[in-house]
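Visitor: One structure coming up, written as structure tokens, with questions to follow.
The values are calculated or read from the model by the stated rules, or taken from the named source; none is laboratory data. Fair warning: this is a prediction, and the values are worked out from it, not measured in the lab. With ideal geometry, Cβ positions are generated from the backbone for all residues, glycine too; neighbour counts draw on all protein chains shown. Surface areas here come from the heavy atoms of the whole protein model, side chains and all, with no ligands, DNA or RNA. Shrake-Rupley method; radii C 1.70, N 1.55, O 1.52, S 1.80 Å.
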Amino acid sequence: MTLDNGAKNQYLATFLLNCLAISYGSSSGWMSPSILILMSENSPLKSGPITADEGAWIGAILCVGGLVGSTASGWMADRYGRKRTAYVAVIPQIVSWIMVMVADNVYYLYAMRLLSGFGGGVCYTIIPMFIGEISEDRNRGMLGATFIVSINIGQLFMYILGAWVPYTVAPYVLILIPVIFFIGFTMLPDTPLHYMKKNNYQSSEESLKFYRGYPAGEQYVSAEIQRDLHKLRDNCRSDKQTTQKHKITWSDLSTHHARKAFLIGVTLVALNNLSGCFAMLSYAESIFRESGSSLSADISAIITGSLQVVGSYCSTVMVERVGRKILLKISGIGMAIGLGTFSGYLFVKALGYDVDSFKWLPLVCFSFVIFIASVGVLPLPFLILAELVPQKFISTLFDVIGMHGTMLLFAIFSACGTLFVTAIIPETKGKSYDAIAKLMV
């Protein structure tokens, strides 16, 4: 039996799941074009313009929702299934856009960002999990890599809408993306692994056949399907036995391996967040406007969003060829140089010098930083906590140390993170878990 389109349902599921990622990326990027409108005299809110503090809280509350969503999603996926958990992610996203449609004061926007953050936190867990469990070895890496790219596409889409579509119209367009997922995902079964964990062998077989492209009701089961089913069953049994016999204790967490892994994880998260990229993306239009760029803030944000998509795609292509450590080092060094140059320009401008002949520099620096960050620092750590650190600090830093001081601070963190990557983090490309464990001793 020949299955010419054996992976078509895997691609369909990946497309639908990435509609969730695009929707979350759009809600993340919503802050950049919207904050200036909400703070203007022509604010669409009946209550009038929001204050700078209220704008900062709109940015920060996203992370509160993300904390709850990412914490609960793993438990929900095991208890209620991957498919139901994906719906837990999409419903808050749909409601969040409705909140924007009906908002007449800032509290609606607080609720919108809280719901959006919750849905995003669930997305970071359930989308890679679902794709990993339905895909084959030959395409798992490619399908899994589409997640971060889709989030960046969502942010770029929001920048484009913010530039050419009125604020009040944008949510009516953006709500269509999660609705497409909501409707389309109903035709898909849960993952074979989830059914097997629930001891539902028949449903696991039907799910596996569906994602391998067998026609509905097909009774024939190939040797490959039988082998995969036995492998799933053996893995589930092994996991249960391991959990029962080898429960994690405090002594397991106090080994040199565990301490070093914890140090690396914390440092990568710090590099990911303290380099300022998430904050800069949320305030992209404000940064360009205040820096005096010769291009409009909308166009500048679209350019950087495009570069972010290209950078994340380059990362997925190069990570297995070049290695994680080299990409992190290149990314960190590039960010430090770009942010340092941007800081110098802003400092000279703050001193009152004429910088009209260098108005192109903010766009070049900002775009380069976002691109080079998207190659390494942003996608490679791939930790949920990257979305959980509040972005409120950036507006406060602007007031305390100025924009040039903020960019310089980000540059210093990028340089320090690069030094740590060079000295401490091992290269894991192509190494087995046993080989990695020896490197951690």
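Visitor: Of all the residues that make up segment 79-125, how many are β-branched (Val, Ile, Thr), over 16 Å from Ile183 (Cα atoms) and either in contact (Cβ under 8 Å) with a residue 60 or more places away in the chain or open to solvent by 40 Å² or more (accessible area, probe 1.4 Å) (or both)?
Guide: Quick first cut of segment 79-125, residues β-branched (Val, Ile, Thr) only: 85, 88, 90-91, 94-95, 98, 100, 102, 106, 122, 125.
So of that shortlist, the ones also over 16 Å from Ile183 (Cα atoms) come out as 98, 100, 102, 106, 122, 125.
Pick out the ones that are also either in contact (Cβ under 8 Å) with a residue 60 or more places away in the chain or open to solvent by 40 Å² or more (accessible area, probe 1.4 Å) (or both) and you get 98, 100, 102, 106, 125.
So the count comes out to 5.
Visitor: Go through (1) free of Cβ contacts under 8 Å to residues at least 40 places away in the same chain; (2) under 30 Å from Ala145 (Cβ atoms) for Tyr353 and report which single condition fails.
Guide: For Tyr353, the failing item is (2).
Visitor: Looking for whichever is buried (at least 20 other Cβ atoms within 10 Å of the Cβ) and either at pLDDT below 70 or out of contact with any Asp or Glu (no Cβ under 8 Å at 6 or more places or on another chain) (or both) here; the options are Leu351, Leu388. Which one fits?
Guide: Details: Leu351 fails: buried (at least 20 other Cβ atoms within 10 Å of the Cβ).
Of the residues listed, the single one that is buried (at least 20 other Cβ atoms within 10 Å of the Cβ) and either at pLDDT below 70 or out of contact with any Asp or Glu (no Cβ under 8 Å at 6 or more places or on another chain) (or both) is Leu388.
Visitor: Something else now. Among the residues of segment 138-153, are any open to solvent by 50 Å² or more (accessible area, probe 1.4 Å), under 30 Å from Asp53 (Cα atoms) and not β-branched (Val, Ile, Thr)?
Guide: Restricting attention to segment 138-153, the residues satisfying the condition of being open to solvent by 50 Å² or more (accessible area, probe 1.4 Å) are 138, 140-142, 153.
Checking the rest, the ones that are also under 30 Å from Asp53 (Cα atoms) come to 153.
Those left that are additionally not β-branched (Val, Ile, Thr): none.
No: zero hits.
Visitor: Taking Pro166 and the conditions (1) without any contact (Cβ under 8 Å) to a residue 60 or more places away in the chain; (2) assigned to a helix (DSSP H, G or I), which numbered condition does it fall short on, given that it satisfies the others?
Guide: (2)
One line per residue, one yes/no per condition, for (1) among the charged types (D, E, K, R); (2) at pLDDT 80 or above; (3) open to solvent by 50 Å² or more (accessible area, probe 1.4 Å):
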{"residue": "Lys245", "(1), (2), (3)": "yes, no, yes"}
{"residue": "Ile248", "(1), (2), (3)": "no, no, yes"}
{"residue": "Ser291", "(1), (2), (3)": "no, no, no"}
{"residue": "Ala297", "(1), (2), (3)": "no, no, no"}
{"residue": "Lys325", "(1), (2), (3)": "yes, no, no"}
{"residue": "Leu328", "(1), (2), (3)": "no, yes, no"}
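Visitor: Of all residues being open to solvent by 50 Å² or more (accessible area, probe 1.4 Å) and not aromatic (Phe, Trp, Tyr) in segment 180-196, which is farthest from Ile35 (Cα to Cα)? Just the residue, please.
Guide: Filtering segment 180-196 for residues open to solvent by 50 Å² or more (accessible area, probe 1.4 Å) gives 180, 182-183, 186-187, 195.
Remaining after also requiring not aromatic (Phe, Trp, Tyr): 180, 183, 186-187.
Working: Ile180: 27, Ile183: 31, Thr186: 35, Met187: 38 Å.
Here the answer is Met187.
Visitor: Continuing with this model, one more query. Within segment 138-145, identify whether any single residue is touching a Leu at 6+ places or on another chain (Cβ under 9 Å) and of a type in the set (Lys, Arg), and answer yes or no. I'd like the intermediate steps shown before the answer.
Guide: Of the residues in segment 138-145, the ones touching a Leu at 6+ places or on another chain (Cβ under 9 Å) are none.
Looking for residues that are touching a Leu at 6+ places or on another chain (Cβ under 9 Å) and of a type in the set (Lys, Arg), one finds none in segment 138-145, hence no.
Yes/no per residue for (1) under 29 Å from Ile302 (Cα atoms); (2) at pLDDT 90 or above; (3) hydroxyl-bearing (Ser, Thr, Tyr):
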residue	(1), (2), (3)
Leu3	no, no, no
Leu45	yes, yes, no
Ala56	yes, no, no
Met101	yes, yes, no
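Visitor: Assuming Asn200 fulfils every condition listed in (1) at pLDDT 95 or above; (2) more than 30 Å from Asn42 (Cα to Cα) apart from one, which condition is it?
Guide: Here Asn200 clears every test but (1).
Visitor: Take the residues in segment 15-34 that are surrounded by 23 or more Cβ atoms within 10 Å (Cβ to Cβ) and over 15 Å from the mean Cα position of the chain (by Cα), then tell me which one is modelled with the lowest pLDDT.
Guide: Top of the filtered list is Ser32.
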